[in-house]
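First comes the structure, then the notes that go with it.
The values are calculated or read from the model by the stated rules, or taken from the named source; none is laboratory data. This is a predicted model, so every value here is computed, not measured. Note that each Cβ is placed from the backbone with ideal geometry, even for glycine, and that neighbours are counted across all protein chains shown. When the accessible area is computed, the model is the full protein with side chains, heavy atoms only, and any ligands, DNA or RNA have been set aside. Shrake-Rupley method; radii C 1.70, N 1.55, O 1.52, S 1.80 Å.
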Amino acid sequence: PMHKLHTLEISADTLRWVWLAMLAEFADATLWPTDRVVFELVNEPGNYHNHTTSTRFVELLPQLLSLVATAQPERALIVGGEMGYRAGGDPNDFVNSGPAIILDAPHIKRLAHRYPQLIATFHFYRPRAFTNIGFPEISVPQSRWLGQPSDVADLATQFDEIHGAFNGSGVPIYLGEFGLNVDFIPRLSDGVAWLTAVRQLSEARGIGWAFWTYYL
């Protein structure tokens, strides 16, 4: 209910009542075992010019983590960086998921000293002109992705930056989404090459992953 499409403000109050409801719904550890079910506290947290708060998501995490971890101390908890137009930053500077987790890494690493069950997450759709072909926001589509060494190196740059931001901290990193709009990819072999490259870059750095467009 906090997703940008539904515009519910991410505040201390909304986080508290949403997660009290979640904890009540997922209270039975036999039905929801901690080795199989994890909680992602907010998917793609951020301000998309629909929030009034000047508080950043990471500043709300201590209170939220205390609430959830007190109720279920063994549960793994996934947290992402603040996307969109970050509070206190340039009002015109939009931040995507990868750069957002890098910016918030220092805060998340500090929290992980108290909450070792934290997992940092990011989403990956680079280059969007290729992966999001057919979406209205793509005005100049990229019809091919050949998987040349330079293409893979461009993708690897962000993986290395994210891995480096958490290196040595003990905080696991989770690629919570990657995929492409396969209905509009001119050559499916290009899509296969991109998916393969992203999976291999992720696994080479010990990063778990979830394929967002599996249903397609």
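Below are the figures for this structure:
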quantity	calculated
Nearest 10 degrees, 0 to 90: helix 97-114 Cα axis against the chain principal axis	30 degrees
Using θ = phi - 60° and Karplus 6.51 cos²θ - 1.76 cosθ + 1.60, couplings along the range 29-45 (whole Hz; Gly, Pro as x)	5, 6, 7, 10, x, 5, 8, 10, 10, 10, 10, 9, 5, 8, 7, 6, x
Added length on full extension, which subtracts the Cα-Cα distance from 0.36 nm per residue, Ala29 to Glu203	59.7 nm
Förster radius 35 Å - calculated FRET efficiency between Asp154 and Val37, Cβ distance, rounded to 0.05	0.50
Table column - 3J(HN,Hα) (Hz), the range 118-129, Karplus curve with 6.51, -1.76, 1.60, x for Gly and Pro	6, 10, 8, 10, 8, 10, 9, 9, 8, x, 4, 4
Value of Rg/Rh across the chain [Cα atoms, Kirkwood radius]	0.97
Acute angle (nearest 10 degrees) that the helix 149-166 long axis makes with the longest principal axis of the chain, alpha-carbon atoms	10 degrees
Estimated D of the range 1-106 in µm² per second, where Rh is the Kirkwood radius over Cα pairs and Stokes-Einstein applies at 37 °C, 0.692 mPa s	226 µm²/s
Accessible surface, per residue, of the range 1-99 when the full set of protein chains is kept, probe 1.4 Å, Å²	53 Å²
Cα long-axis angle, helix 57-71 against the chain (0 to 90 degrees, to the nearest 10)	60 degrees
Whole-Å distance, taken between Cα centres, linking the range 144-183 and the range 59-96	21 Å
